[in-house]
Structure formats: C-alpha cells, structure tokens
There are 2 protein chains.
Amino acid sequence: MRHSELFTKTRREAPKGEVSKNAELLIRAGFINKEMAGVYSYLPLGLRVLNNVQNIIRKEMNGIGGQELLLTTLQDPEVWKKSGRWDDQVVDVWFKTTLASQSEIGLATTHEEPLTFALKNHIRSHKDLPFSVYQFQTKFRNELRAKSGLLRAREFIMKDLYSFSKNEEEHETFYEKAKEAYIRIFDRVGIGEQTYFTFASGGSFSKYSHEFQTVTSAGEDIIYVSKEKGIAINKEVYKDEVLKDLGVSKEELTEEKAVEVGNIFPLGTKFSDALGLMYKSENGEEKPTVMGSYGIGPGRLMGTVVEILSDEKGIVWPKNISPFDVHLLSLPGGIEEAEKLYEEIVASGKEVLFDDRDVSPGEKFADSDLIGIPNRIIVSEKTLAQGKIELVDRGSGEVKMVDKAEVGSALV
Amino acid sequence: MRHSELFTKTRREAPKGEVSKNAELLIRAGFINKEMAGVYSYLPLGLRVLNNVQNIIRKEMNGIGGQELLLTTLQDPEVWKKSGRWDDQVVDVWFKTTLASQSEIGLATTHEEPLTFALKNHIRSHKDLPFSVYQFQTKFRNELRAKSGLLRAREFIMKDLYSFSKNEEEHETFYEKAKEAYIRIFDRVGIGEQTYFTFASGGSFSKYSHEFQTVTSAGEDIIYVSKEKGIAINKEVYKDEVLKDLGVSKEELTEEKAVEVGNIFPLGTKFSDALGLMYKSENGEEKPTVMGSYGIGPGRLMGTVVEILSDEKGIVWPKNISPFDVHLLSLPGGIEEAEKLYEEIVASGKEVLFDDRDVSPGEKFADSDLIGIPNRIIVSEKTLAQGKIELVDRGSGEVKMVDKAEVGSALV
C-alpha cells in the first residue's frame, strides 16, 4: 500500500488524558482511535495487526478441532438467571439496556450460558461428544476503571472457546491440547519468552484454573515466577499449601507485575447442570456434559506486545503480526528506483507499506520508527551511488547495504 | 469436513414462534440459533455463508479503494448531540445503557458521527482527499417489531462504507463507482436478477438516495418496478413529479413487495458541518468535506437469498456463497469409495461436507435437501455397479451419472 493513500496521520504528541503506553503509542502511530475510556476503534494499520493476531489464534483453534461460530451481544436474562449470573451482585460488570417493549436485556460479558442453552437443540447422545466451538466476538464489561489502554477495555474482541466432554478424563485430554495450542500462540505472536503458565483460582468447581501471564510493568496482576520451572502462581493462590502442591519453594519465586493474556478454565458441570445440557450415555443414563472455557483477547495481546517490545522511538512489531512485512522509504534521488522496487516486492507476495509521500527524510524516518514495521528499506541517491539499497532492522537497529537481488533473503 | 464431526443437528419442525421463512429454514438446517426476536447467532454452517458474503463485499470495497477499519459499538453522546441525532425523538431505535460512573452511553445504530469526529485528527488538506473507509461491524437497532428473521434484526453486522470528497463533482464520481460495485455484489451473491436500483428519499440534504431492492413477498417495502428500464421507485417518493423526473410512466410500473438489501446515500456536508470536518483548499480556504454513506447488511442478504431461492425441500444456495462446494453422501455399499473420493475432493481444493454418518439414506437425502449445497454427490452400491457416481444439482434437481474422473468438471 502507498502511504500517500493511507488516510491516517501520525502525531508527535500523546493525546490528552491517555496514560497508558500502549494506547499512547498506538494512537500516535495511527493504529487506533480512542472513543472513550476503555473503548478504542481500530484504524487500518491497527486492524491489520488485529487480523494477524486473530489468524494465528484461528489456525491453532482449528488445529485442535474447534468449530467456529458467532454468538450475539444482546442477552436474554432468563438464560442467565438459571446460572445465577444475571444478578449485578454476582457479575458486577454487566451493561444492561431495555427493549422497546420495556424488557431488560444485557450485553454479553462472556457466553457460557447462551451457548450451553443453544446446544440443548444439538446434543443428545454420547456419540455427539466430545467437541469444541469458538468465536471471535465483541464482549462488553462495565469496568469502573479503564486506564490501561487495550489491556483493560470496556468493549473488546475475545476469542472464547468452549469444550464439551463426556467425563473428566476426556475433558483433561482436551484441556492439555488447548494448553499446548495457547503456548504456541504466545510464541507465534512474539511474547512466548515473557509469558508464564500460571496457576490461579479454580473458583467453586475446580482446584485451579490456569492463566497465561506476560511479565510487564503495565500489568495489573501480581504473580510469583519460577524461571527455572517455567511456571508462575497468581497472588490470589500464593499460599503454602499451593506451593507444596506444585513442588516449588518461596526462594525460587520472584514477584512480578503481569498482564493476563489468556486463561483456560475447567468448568466441570456447573453450566450443564444449571441449564440442562445432558447427554445419554452408552448405557442409557442421562448425564451432564463436562465443560471447559478458554479465552484470549486479541486486542489485549496486541497492547501487551506494544508494552513490552516498543522502545523510545516507537513500536517494534514481531514479524508475524506486523501490519506489513516491509516499510519501503523513497528518499531524494531514489524515487524512481523505489517505485520499481515497490512493484517487485508486491509481486513477490510480501506486504509492503511504501512511503511515497512528498515529505522530508526526517519525517519518513520518524514515522517509520513510530509505526514499527520490522524491515525498513531505504532507496536514495546515496544508496544508489553504491549500487545498493539500505536495509534496517527496526528491532536491533542493524543496518545492511545489500544488492537489490538479495533483498528477499535479507529480510527478518 | 465430516458431517459426523459437525455438532449441529437438523430439525424437522419449525421452532415455535418463528414466523419468517428465512429464519425457519436456517434454524431447521442448523445455520443459525434464535436468541430472542431479531437476535440470531451464527452456527458453523451459517458463519461459512456469512463469511462468503462478506468476502465478496470486501473484495468489491477494496476494489473501489476502500480502507477497512473497525469502529466501536459504545458511543459517547457528546458526538451525537452535535448532529442532533442523540435524541430518541430524532432516532427512535437507540439502545442506551449506563457506565459504572452513571453517564449514559449508546449502542451504535450507524457510524457517521464518530467516524467524522475521529477523522478530524487525520484530515487537514485537499491533498488528503478523496478517500473512503469501510467496516464490517455489529449495529444495534431497537426495532419495535422484529418478525422477519434475518431481514429485520435488532443486532446485525453491517458493511458500512463512507466516502469523503472535496466537492460534489468528486463525490459523484465515487458514488457512481460504488453503485457499480453494489450491482456486482448482488450479481455475485446470486440475486442480481431480482434486485432493482431504486430511487428513494434523499432526506433533507439531497434530492434522492438510492436503494437496492430485491423483489420478494417477504419484503416490508413497496416499490414500483420498471422491468424495461431496470429501475424502481420506492413508495415514499412515488409521485408525479418524481415519475416525470425519471422519465417513467405509471403504466410501465408494477407494484412489488421488496426488501432493501443495500443503500447508497449522498450526505452532502451535513455531518462535516455539524462535527467540523474541514479541509484547507488549494487556495487556502477552510471547506467542509462532502460525504456519502453506503450500506449492505450481509446477514439480511443471506436471509433474502433464502427467501427467494429456497423450495419446499429446503434451502438452495448459489454456489458463490454456499457453505460448501460439494455435499458428498456415502450410501450402503459405497462407504469405502466415498472415503477415497472425499480425500480426493479435499486435495483438489474444493470445500466438501462429507455425510459419513451412520444414518439412513432417506435421512441423508432429506438433510442434504434442507442444507442446500448446490452439488450433491452420491456413492452407493448401485452407482458403483455402473462404475459411476451420481451427481445431483440441488437447484434444478438434474441427475447425472458420471465417471469419477469427470466429477471436477461436472460440478455447477
């Protein structure tokens, strides 16, 4: 894409009232727009990153057999009353609204109840189990404080997967597969090293749930990390009994701030009991299905990447989720050659943002640093005089002068 | 995909209280689930169709230069007060809700106001114009009556594109391009023949807006069609003056019920004036941008296809939006061969739903008719005895016995 055709502009100054680093950088670079606290629109560059993140997650969810569907925002209270979660005292982040007929309805904070209820029309026998379904769907949570940019939004897309099994053993087999898929997702988006499999409270129906926590000073959670064992414990279950259970000692743990980028949760039969999602077993008994839920917020993940991988000049995107593979900058004396190279890179199947604007080299460099595409290619009178082009690695800052023919193989 | 792994089940009976044909068939076939009146979830088969429709629209919007973004549901009243559209007396389909801090906010019914406001950070000069942006985003409209299934939903995905031009002439050039793209979209989803370019009210700021109306008895609109000229007039502007303007006589017009599957609307400077989206012209004047809006509801389009192309046995999908290219049915004596053929069709890049279930041939045929995939392939003892497979065109009912090697070229 030509930068001259992209309608968004970068800004030098942080927007007023925005205190989070991720939102500040993403707004300045033209990736998102703040509609109100905790409510952000995705502009074209931001939507490209979001889609890249979502596609990585989608492939992994398909890989473990997940079937994609799309549930609704508007929620019928009757379904939620069956589980006891309609009450604002039980779930304190509901947005509620009113139909023209005056009945009260809600905006979904999560989807266990409507999904379990809908499946009663489709699940009858042990032959129908196990299976799992997932969606990328917008959730609404009426957070009192929303000052962490994309890390704590009032409106956000969530990938939520739900598994349905005949018994605990079958559930655990799937749970382990989902855990492995989650580890691959965080690796592929570029934050695998900073992300820990974390033991957290299982609520009233299982011993533990598990979170994926990424260490960053912007995090709102406190975790205790064992780097040696590659696991962590959420402060909420940081007790002698749990340490003993997991075979770790206080000495090997370090306290860190972290952001929860994913969670996986055994639900037991809580929702299938409450909503009546039963199946007929091989010997004819009616049994409740055993469920699990598995969440990742693609926007929060994007915000987390910005928090931990940006530098003083701007964002540094990992290559798997970058809005473009290459940022091509034409400088004076190199415009004609850059145009040719642009066509060649497009033809090679790479995604390229071509800064063909009539602005100063300094402005192009500053915008390129801020936007954060991993590969920068500079074509100028100077580089052409050497018969070369200049290739800059946005992350390391490393500069290489390469022959035009070598560009493809030299990209990070 | 193997039908044995698809979790949805078909139903013989229409769900209670569902009076619209499109919703009834789509629910019976397992494409959608009714959450409440006018609120439908998309199950895997339905999401496949929805994605196919969206991808056709996306390609056409990219083709006319649209840049994709994603705005939010939650809306700040301040922005809407500037245009006067916050008031429930002016816009009577608002859903409104309340932040934890007690401020009232709204759920977006459309996006002219927040988009125009956000663009103030990005548009400064005549050099920034023209351009257009679009999104696939969930809209909420608090309709008093919602009895037409996907044709009138309270929550629905809308593709809305907005154009920004320097002047009327530039606007009209784009408007014509958008119109042509819309015509291609309705052709490609399979309802081009039944869809008319329709003159409708332009509101307070232009002579006409234009709708794309598809003739169907399920429609809630009345239009007057000139088949000869390939245009129609919405009842709301069916006046002598308009007939004269368009050069049509009452005699050549027939009254039809129709559903509005798309609309394109010149907005003039209504929103740029109200919200201050100005640009600096070549000679330094501050001028308001000239806008247009262009909407299509992919779900409504899907419902319209079901209304007009289904038959007494079920749905008939046009091939461009069908959830699968091929429905492969293995019948007794043909199971082993069907397994081989399944692998071959998958390897050829076609999308295939393989009914490998252990159910009666009658049940497989009935489900296949209901689900409506255009190509049905039957492998049974009988077909194999002839050294052939049976290929059925779901639309015409035509049956062909073909050699296995010829299957690829014989598909509709």
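No value in this document is a laboratory result; all are computed from the given coordinates. Model, not experiment: these values are computed from the prediction. Glycine also receives a Cβ, built like all others from the backbone with ideal geometry; neighbour counts cover every protein chain displayed.
Counting only alpha carbon atoms, the long axis of helix A:298-309 and the longest principal axis of chain A meet at about 50°. The spacing between the range A:290-350 and the range B:1-53, judged by their C-alpha centroids, is 38 Å. Once both labels are modelled 7 Å past Cα along the beta-carbon direction, what's the A:Asp187-B:Lys319 spacing in nm? Here the answer is 4.2 nm between the modelled labels.
Across the range A:99-153, the fraction of Cα-Cα pairs farther apart than 17 Å, rounded to a whole number, is 60%. What residues of the range A:332-354 lie in the reach of a label at B:Asn62, counting those whose backbone N is under 19 Å from a point 7 Å from the Cα along Cα→Cβ? Residues passing the 19 Å test: A:342-354. Would you please state which residues of the range B:95-121 a label at A:Lys16 would reach in this model, taking the label point 7 Å out along Cα→Cβ and a backbone N cut-off of under 17 Å? Inside the label zone: B:117-121. What sits nearest the axis between copies B and A, counting only chain B Cβ atoms, is the residue and whole-Å distance B:Thr97, 2. The calculated FRET efficiency for B:Asp88 paired with A:Ala405, based on their beta-carbon distance and R0 = 51 Å, is about 0.20.
Note on the protein assembly as shown: the alpha carbon radius of gyration divided by the globular reference 2.2 N^0.38 Å gives 1.00. A point 7 Å from Cα along Cα→Cβ stands in for B:Val399, and the other copies hold the same point at 7.6 nm, listed in rising order.
Less than 5 angstrom separates the built amide H of B:Asp356 from those of B:His3, B:Ser4, all sequence-distant by 5 or more or on a different chain. Residues whose amide H lies under 5 Å from that of B:Val316, counting only those 5 or more places away or on a different chain, are B:Ser310, B:Asp311; hydrogens are built 1.01 Å from N in the peptide plane.
In terms of Cα atoms, the Rg and Dmax of the range B:326-410 work out to 11.6, 30 Å.
Here the convex hull built on the C-alpha positions of chain A has a volume of 171 cubic angstrom per residue. Restricting the range B:1-92 to trypsin sites (Lys or Arg not before Pro) that sit in a DSSP loop and have at most 11 other Cβ atoms within 10 Å of their own Cβ leaves B:Arg12, B:Lys16.
Shown here for the range B:319-412: GluC sites (Glu not before Pro) in loop regions (DSSP other than H, G, I, E, B) with at most 11 other Cβ atoms within 10 Å, namely B:Glu398. Measuring between alpha carbons in the structure, the pairs from A:Lys34/B:Lys82; A:Lys207/A:Lys244; A:Lys139/B:Lys179; A:Lys159/A:Lys319; B:Lys177/B:Lys250; B:Lys81/B:Lys239 lying more than 25 angstrom apart are A:Lys139/B:Lys179; B:Lys177/B:Lys250; B:Lys81/B:Lys239. For a label point 7 angstrom out from the Cα of B:Ile335 toward its Cβ, which stretches of the range A:88-124 have the backbone nitrogen within less than 12 Å? In the range A:88-124, the label zone of B:Ile335 (backbone N under 12 Å from the point 7 Å along Cα→Cβ) covers no residue. One equal scatterer on each Cα of the range A:1-46, no solvent, Debye formula: the resulting log10 I(q)/I(0) at q = 0.19, 0.28, 0.32 Å⁻¹ is -0.56, -1.07, -1.29.
Label-to-label distance for B:Gln386 and A:Glu104 is 6.5 nm, based on points extended 7 Å past Cα in the beta-carbon direction. Comparing B:Val306, B:Val91, B:Val225 in a Gaussian network model of chain B (Cα springs below 10 Å), the most mobile by mean-square fluctuation is B:Val91. Shortest first, A:Lys177 label-point distances to identical copies amount to 4.7 nm, with the label point at 7 Å from Cα along Cα→Cβ. Taking R0 as 30 Å, what's the FRET efficiency between A:Glu251 and A:Glu172 from their Cβ-Cβ distance, rounded to 0.05? Working from the Cβ atoms, E equals 0.45.
Amide hydrogen proximity for A:Leu267: with H placed 1.01 Å from N in the peptide plane, the residues at 5 or more positions away or on another chain lying under 5 Å are A:Met291, A:Gly292, A:Ser293. Within the listed set A:Leu246, A:Leu277, A:Leu45, the residue fluctuating most in the Gaussian network model of chain A (springs between alpha-carbon atoms under 10 angstrom) is A:Leu246. Can you pull out the GluC sites (Glu not before Pro) in the range A:1-39 that DSSP calls coil and that have at most 14 other Cβ atoms within 10 Å? Sparse-neighbourhood loop GluC sites (Glu not before Pro): A:Glu13.
What angle do you read, to the nearest 10 degrees and between 0 and 90, between the alpha-carbon axis of helix A:361-371 and the longest principal axis of chain A? Tilt relative to chain A: about 10 degrees. Summary for A:Thr254: label point 7 Å along Cα→Cβ; distances to the equivalent points in the other copies, ascending, 7.9 nm.
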